[in-house]
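The values are calculated or read from the model by the stated rules, or taken from the named source; none is laboratory data. If you're wondering where the values come from, they're calculated on a predicted model, not measured in any experiment. With ideal geometry, Cβ positions are generated from the backbone for all residues, glycine too; neighbour counts draw on all protein chains shown.
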Amino acid sequence: MNTIQFNGDDIVPSKVVCIGRNYVEHIQELHNELPTSMVLFMKPNSALTRTLTLRPQTVLHYEGEISFLIRNKEIHGVGFGLDLTNRIVQSELKEKGLPWERAKAFDGAAVMSSFVSIDPMDVNKLSMQLWINDMLVQEGNIDLMIYKPLAILKEIEAFCSLEDNDIVMTGTPKGVGTFHLNDIFIGKIFIGQKEIVSQEWIVQ
């Protein structure tokens with residue numbers, strides 16, 4: 001089973017639950033419709049990785065996200081996640097009304113930073129940045145989310161149990177795009193102005 005790091009220890013999430021279309025400007029940049037209810041999909045443990053890797057003959061998009069570690073049905077930690085997407089395949093599946101797994105749940109599709117503990121009182125103060133080759137390409141915060149973290153957990157638990165160490169990815173702000181070999185990614189998480197997570201990946 002694949003692991004992530006939380007407070008310096010390796011742990012095993014059973015799954016990653018992802019929220020789609022949770023930032024209005026990202027919905028607009030992909031010319032999607034605003035959802036009338038929360039868009040949810042999953043990535044299996046086999047999708048988890050700590051490295052950022054290209055797939056041969058496949059164009060992938062990055063999507064940077066504030067990601068939560070769950071314990072006792074509550075937010076226990078926070079990290080930076082990259083939801084990798086095969087956009088061409090996803091578009092084809094959406095047109096046919098089919099599930100997204102082929103575009104979202106492949107091996108290596110959930111790239112995770114290390115996670116750190118967070119006080120529940122600080123969750124609504126969180127923001128993220130994604131830098132690629134020293135350029136700021138994505139920036140977002142909890143205020144910009146259509147569905148806030150506690151509402152997300154409530155909706156997930158209405159149909160699916162969150163086990164200890166599961167990951168919840170909360171959606172991506174505008175600025176998604178393609179990437180190339182040797183690009184340098186830096187994902188950052190902040191509480192207010194304080195940086196609490198910074199993770200670098202070099203595309204392999």
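Condition first: in contact (Cβ under 8 Å) with a residue 12 or more places away in the chain, acidic (Asp, Glu) and out of contact with any Ser or Thr (no Cβ under 9 Å at 6 or more places or on another chain). Now tell me which residues in region 72-98 satisfy that.
Glu74 - this is the single residue of region 72-98 that is in contact (Cβ under 8 Å) with a residue 12 or more places away in the chain, acidic (Asp, Glu) and out of contact with any Ser or Thr (no Cβ under 9 Å at 6 or more places or on another chain).
Across region 114-131, what is the total count of residues that are surrounded by fewer than 21 Cβ atoms within 10 Å (Cβ to Cβ), in contact (Cβ under 8 Å) with a residue 12 or more places away in the chain and aliphatic (A, V, I, L, M)?
Qualifying residue count for the region: 2.
With respect to Asp143, determine if the residue is among the acidic types (Asp, Glu) and free of Cβ contacts under 8 Å to residues at least 40 places away in the same chain.
The answer is yes for Asp143.
Starting from residues that are part of a strand (DSSP E or B) and out of contact with any strand residue (DSSP E or B) (no Cβ under 7 Å at 6 or more places or on another chain), keep the ones in region 57-113 and report whichever is surrounded by the most Cβ atoms within 10 Å (Cβ to Cβ).
Ranking the qualifying residues of region 57-113, first place goes to Arg71.
So Glu25 fits all but one of (1) surrounded by fewer than 18 Cβ atoms within 10 Å (Cβ to Cβ); (2) within 12 Å of the chain's Cα centre (by Cα); what number is the exception?
Against the list (1) surrounded by fewer than 18 Cβ atoms within 10 Å (Cβ to Cβ); (2) within 12 Å of the chain's Cα centre (by Cα), Glu25 comes up short only on (2).
Of the numbered conditions (1) modelled with pLDDT of 95 or more; (2) surrounded by fewer than 19 Cβ atoms within 10 Å (Cβ to Cβ), Ile4 satisfies every one except a single condition; which is it?
All conditions are met except number (2).
List the number of the failed condition for Lys154; all other conditions in (1) under 23 Å from Ser46 (Cβ atoms); (2) free of Cβ contacts under 8 Å to residues at least 40 places away in the same chain; (3) charged (D, E, K, R) hold.
Failed condition: (1).
Given the criteria touching a helix residue (DSSP H, G or I) at 6+ places or on another chain (Cβ under 7 Å) and either under 13 Å from Phe68 (Cβ atoms) or touching a residue at least 24 places away in the same chain (Cβ under 8 Å) (or both), does Gly175 qualify?
no
Would you check if Asp134 is surrounded by fewer than 18 Cβ atoms within 10 Å (Cβ to Cβ), modelled with pLDDT of 95 or more, over 15 Å from the mean Cα position of the chain (by Cα) and within 27 Å of Gly8 (Cβ to Cβ)?
no
State all residues of region 68-88 that are farther than 20 Å from Leu130 by Cβ, at pLDDT 90 or above and aliphatic (A, V, I, L, M); if no residue qualifies, say none.
Ile70, Ile75
State the number of residues belonging to region 160-180 that are crowded, with 20+ Cβ neighbours inside 10 Å and not in a loop (DSSP other than H, G, I, E, B).
Adding up the residues that qualify gives 3.
Return only the number of the condition from (1) touching a Phe, Trp or Tyr at 6+ places or on another chain (Cβ under 8 Å); (2) in contact (Cβ under 8 Å) with a residue 12 or more places away in the chain; (3) farther than 18 Å from Lys148 by Cα that Leu69 does not satisfy.
Result: Leu69 passes all but (3).
Take Met145 and decide whether it is in contact with a Cys (Cβ under 7 Å, 6 or more places away or on another chain) and modelled with pLDDT of 95 or more.
So Met145 does not fit the description; no.
Looking at region 148-159, which of the residues that are modelled with pLDDT of 95 or more and part of a loop (DSSP other than H, G, I, E, B) is nearest to Lys15 (Cα to Cα)?
Ranking the candidates gives Ala158 first.
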